[in-house]
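S.K.: My questions all concern the structure below.
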Amino acid sequence: MIGRKRIIILVALLLLIVAVTGVLSLTAGRKKPAVSDIQMFSFNDQLQPVKKDDKYKTTYEIFVYSFCDSNGDGIGDINGIRSKLDYIQDLGFDQIWLTPVHPSPTYHKYDVCDYYDIDPVFGTLEDYELLLEECHERGISVLMDLVLNHTSVEHEWFKKASDYLHELPSDWEPDTSYCAYFDYYNFTKEQQNGFAPLEGTDWYYEAQFWSGMPDLNLNSSMVRNEIKKIVSFWFDKGVDGFRLDAVTSYHTGDPEGNVEFTSYFCGLCRSIKPDCYIVGEAWTDRSKIAALYSSGIDSLFNFPFSGNDGIIRNTIGESISPADFVHAMIVSDETFRANNSNYIDAPFYTNHDIARSAGYYAIDEGPQTKMAYALSLLMSGNSFMYYGEEIGMKGSGKDENKRAPMYWSDDPADPDICDGPPDMDDVMMKFPSLSEQMEDDLSLYNWFRQVIKVRNAFPVIARGRVVECPELCTDHLAVFYKECESEQKVLLIINLGPDEEVCDLSSLSKDIKLSAVLNTSKEFIEFSDNTVKMPSYSIAVITE
Ligand code: CA
C-alpha cells in the first residue's frame, strides 16, 4: 500500500512539474520569442531614453471619441485613455494631445459650450484630474486642445447675446451695458461672406466654419478676460500647455491680427505658467507659418511636410530626391528661425483632419508607410504622431473616416474598441490589429516603437539642426547630420529605396561607429571599414 502511495505521489509530482514548465514556456512564448532574427531588437537593446527638462517631446495625438471606451457606451473617454497610459508610455511618447474634451453638442467637440468642464460622454472633471496626475507620475505632459476662434451656438454667451438681440426693438442700437455678450461675437446688420443670419432678427453673426460655430470677437477686452480665467483654471489643474485650434482664422483675412492675438495669448500663458508649451494649428504654407512665428509662439504644426501632397509623401514617391528632402528641412528651419530664434518645429505626417497615411500607397506591404512616418519622427522639434498610425490604420474621404476607432484587436467583443463617429463609413483596415502586430517582430507597431526609441536615445535628433551632406546622398539615400551645442552629433543614413545601398563614409573621421539601426526586413545593416551596407528601407545612426 505504502509503495503504491509513493508511486502516486511521484507521478503527481512529475505531472505538476510538466504542467508548470508547460505554463511557463507558454507564457514566455506568448510574450515574445527570446531571440529575434531582426537586427534592431538586439542591436538597440542598450539604448535608453535620455530625459531632458525642456519642451522637446514626442507627442501622441488622441482623438478622444474613438480611442478607448471604459464604460461600454461605445464612446472613447478619459478613463479609457487612463487605461492605455502603459501602452502610450511603452511606445516612447512623453506628451499627449487630446482633441477637445469640453462639453459640446458634436462628437468632435470643436464647438465648445463650457470651457470649464468635461463633456459627460468623456467623463468628469475628476477623471481628467486623475489623468493629469497619472500622466505626470510617468513623465508624460498633457496638451489641452483650446478652441478660441469660435464657440458653439449653444454656449451661454451666444445664447444670451442672441436672446438680447431677439428682444431688442429693430430701430434700437445694442447697448453692451445691458448685454455685454453682444460684444463677445461679431454681429452686424450687413450680410457678409462667412456670416450667418440670426433667425428671427435682422442681424448676422460671423461664423466662418458653419452657422453652429459663431466666431468670437477676440479684440474684446471682456472676451480676453474670459480667456485669462479659462487658461488660469486649466493651468491650476495641471495642464502643461495648449494646442491652439484654427490660428489663421482668429481674424479672417487679417494675418497681422492673428499675430497680435497669438502673441497676446502666449504672453498671457507665460505670465501664469512660464514653462508652458503652446503649439498652434496654422494650416497654411511655409511663409504664412513663418509670419505667425513672430508672435513668439513655441511651435506651429509644419503642414508643408504633412499629408498626401506634402514633402514627406513626395520624397517617398520619389518626386523629391533624398538630397532635396534634406535641403527642405534646412530651408524650413531657416525660414521659421528668422522670425523666432527659440521656435521648436512641430513636424507631423497626419492628424485627425488628414487622410491616414497607410492609404497613400497603392502597392505597399509596409515599408513605405514605415519609412514615411519615420522621416517625420526623426525630424527636429516636437514630433507629433496621430493615434492608430503606429499600426497603419486606414481612413480617408469624409472626416469621420479619419477618426475611426483605434483597432486594439480583431475581437469584435473587445470592450476597449469604440463605435466611432456616428456617420463613419465602414473603414477596411489594411494591416492587422494592434494585438496581432505586437506578436510580429516586423510589424509597423514594432517598427515605430524602435524608431521612437532611437529618437529618444539621441537627444540631438529632436534638438539638433540639420547639416546636409549632399555628396553622400544618392537617388535613394538621405544622409545628414543632426548637430547642436549641448549634444553629441549624429549622422543619419536613410535608405528610402527598394534595393541595397552602400554608403562610403571614409571621408569622415576614422573613429565613427554604428550606434543604432532600424530595419524593415531580416537583412542586417553592416558596418566595416567606414562603409555602411544599407538593406532596402533601413535607417542607420552613426556617431563618433
Ligand atoms: Ca465611454
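The values are calculated or read from the model by the stated rules, or taken from the named source; none is laboratory data. Since this is a predicted model, take the numbers as computed values, not measurements. Here Cβ is always computed from backbone atoms with ideal geometry, including for glycine, and neighbour counts include all displayed protein chains. With ligands, DNA and RNA removed, areas are computed over all heavy atoms of the protein, side chains included. Shrake-Rupley method; radii C 1.70, N 1.55, O 1.52, S 1.80 Å.
S.K.: As a test of reading the structure, rank E526, E501 by solvent-accessible area (1.4 Å probe, protein chains only), most first.
M.R.: E526, E501
S.K.: Here's another thing I want to ask about it. Computed from the mean reciprocal separation of all distinct C-alpha pairs, what Kirkwood hydrodynamic radius does the stretch 398-525 have, in Å?
M.R.: Hydrodynamic radius (Kirkwood, Cα only) of the stretch 398-525 equals 18.1 Å.
S.K.: Sum -39500 (n - 2.57) across every DSSP H segment of at least 4 residues in the chain, then divide by the residue count to get the 222 nm mean residue ellipticity, nearest 500.
M.R.: On the way: 16 runs with 177 residues, N = 544.
After summing the helix terms and dividing by the residues of the chain, the value is -10000 deg cm²/dmol.
S.K.: In the chain, what % of DSSP beta bridges are antiparallel (nearest 5)?
M.R.: Once the DSSP bridges in the chain are tallied, antiparallel ones form about 60 percent.
S.K.: What span do the alpha-carbon atoms of the stretch 156-206 cover on each of the three principal axes, reported in whole Å from largest to smallest?
M.R.: 28, 23, 15 Å, listed from the longest principal axis down.
S.K.: For the stretch 320-405, report the convex hull volume of the alpha-carbon atoms normalised per residue, in Å³, without decimals.
M.R.: Considering the Cα atoms of the stretch 320-405, their hull volume per residue is 114 Å³.
S.K.: Quick check: convex hull of the Cα atoms in the stretch 465-543, volume per residue, rounded to a whole Å³?
M.R.: Roughly 87 Å³ of hull volume per residue.
S.K.: Could you check the simple spin-label distance between T335 and W210, using points 7 Å along Cα→Cβ, in nm with one decimal?
M.R.: 3.2 nm
S.K.: Find the all-direction average of the projected area of the Cα convex hull for the chain, expressing the result in square nanometres with one decimal place.
M.R.: Hull-based average projected area comes out at 32.2 nm².
S.K.: Given an 8 Å cut-off on Cα distances and at least 6 residues of separation, report the relative contact order of the stretch 164-295 as a percent.
M.R.: 17 percent
S.K.: A follow-up question, please. Quick check for you: with a 1.4 Å probe and neighbouring chains kept, what is the accessible area per residue of the chain, in Å²?
M.R.: 42 Å²
S.K.: What do you get for the angle between helix 2-31 and the principal long axis of the chain? Use alpha-carbon atoms, 0 to 90 degrees, nearest ten.
M.R.: With rounding to tens, the tilt is 50 degrees.
S.K.: For the stretch 156-206, what relative contact order do you get, as a whole percent, if you take Cα pairs closer than 8 Å and at least 6 residues apart?
M.R.: Dividing the mean separation by the residue count of the stretch 156-206 yields 34 percent.
S.K.: Taking the Cα centre of the chain as the origin and placing charges on Cβ (Lys, Arg +1; Asp, Glu -1), which of M379, T248, N308 is farthest toward the positive end of the dipole?
M.R.: M379
S.K.: In percent, how large is the relative contact order of the chain, given Cα pairs closer than 8 Å and 6 or more residues apart?
M.R.: So the answer I get is 15 percent.
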